[in-house]
Amino acid sequence: MKKTTTKKRSILKNKTLIIGCGRLGSSMANKCAAERKNIIVVDKDADAFDRLADTFGGFTIAGDSTDLSILEEAHISSAKEVIITTGDDNVNLYLAHVARKIYDVPEIYVRLDNPENEVLLKGLNVKAIFPFELSYDKFNLLRGGHK
């Protein structure tokens, strides 16, 4: 059963914080939960948590992830890793900077639609993924490497 919280919980050790519960975020949350990791998922839309598996054993917080009080409620300061998957590059870039500069999260992964935005992460030690590039590469592999 999914657990929703709006109150402070005891700090979970080795926690993974996932911001954004769309297709990518919910898939990552379900995978991490299946690996028995401590998970907290934040999304501005509580209905997004319906994408989580019935067996999802982590916590969810409905709220604006750009609000530092929501990130603190999600215990970002003790997160081992943050996975940022909202559908907005500007929000994702902001959250990557916050996670690194304010909370110094050890591992930060961010989804960006526009590969040109990667320059805005220079020197932050943040790992970016680009769905377009992944799809393009996969498509070319399926076509036998033809470009």
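Coordinate-derived values only; no laboratory data. Just so it is clear, the structure is predicted and the values come from calculations on it, not from any experiment. Cβ: placed from backbone, ideal geometry, glycine included. Neighbour counts: every protein chain shown.
Table for the structure above
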quantity: Cross-link table 37/127; 15/138; 37/122; 101/122; 101/138, entries beyond 23 Å C-alpha to C-alpha; calculated: 15/138; 37/122; 101/138
quantity: Where labels lie 7 Å past Cα in the beta-carbon direction, separation of residue 101 and residue 14 in nm; calculated: 3.2
quantity: Nearest 10 degrees, 0 to 90: helix 23-34 Cα axis against the chain principal axis; calculated: 60
quantity: Identified option (computed Rg/Rh (Cα atoms, Kirkwood Rh); candidates (i) 0.93; (ii) 1.07; (iii) 0.99); calculated: (iii)
quantity: Residues of the range 26-67 with amide N under 14 Å of a point placed 7 Å along Cα→Cβ from residue 88; calculated: 43-45, 63-67
quantity: Loop trypsin sites (Lys or Arg not before Pro), the range 60-130, which have at most 11 other Cβ atoms in a 10 Å radius of their Cβ (DSSP); calculated: 122
quantity: Label-to-label distance, nm, for residues given as residue 47 and residue 31 (7 Å Cα→Cβ offset); calculated: 2.7
